[in-house]
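Values in this text are rule-based calculations from the coordinates and carry no lab data. Everything quoted here is computed from the prediction, not taken from an experiment. A quick note on method: Cβ atoms are made from the backbone with ideal geometry, for glycine too, and the neighbour counts reach across all protein chains shown.
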Amino acid sequence: MRQEAAFVLQKRFALICPDFVIELHSASDNLAPLQRKMEDYLAEPGCRLGWLIDRKHRRVYVYRPGQAVECLEGPEQVIAELELAGFVLQLGQVW
């Protein structure tokens, strides 16, 4: 990226990475690009947890740095465990 373009991006957006990312796979999305996006997030320093929710197939892909992606089939809830103590996402209304 050219230096001028990087400077413009810094003026418009904070170049930070969140601790926790949730991505929702909508009917108009392809899954593979979303999976790459989640891998990109987890490659950034500071991101500790990512959930990719695939409503169509009732799956939740759990991303953690340095670990294989975990695929949960039809869970009723997902829990952030150590990353966000006490955070539970109930999926009944999502499905």
Fill in: Per-region count, region 40-95, residues part of a strand (DSSP E or B), buried (at least 16 other Cβ atoms within 10 Å of the Cβ) and charged (D, E, K, R)
2
Response to the item:
Checked pairs for region 33-44, first in contact (Cβ under 8 Å) with a residue 12 or more places away in the chain and within 10 Å of TYR63 (Cβ to Cβ), second among the hydrophobic types (A, V, I, L, M, F, W, C) and assigned to a loop (DSSP other than H, G, I, E, B), C-beta under 6 Å and 6 or more apart or across chains, list as TYR41/CYS47
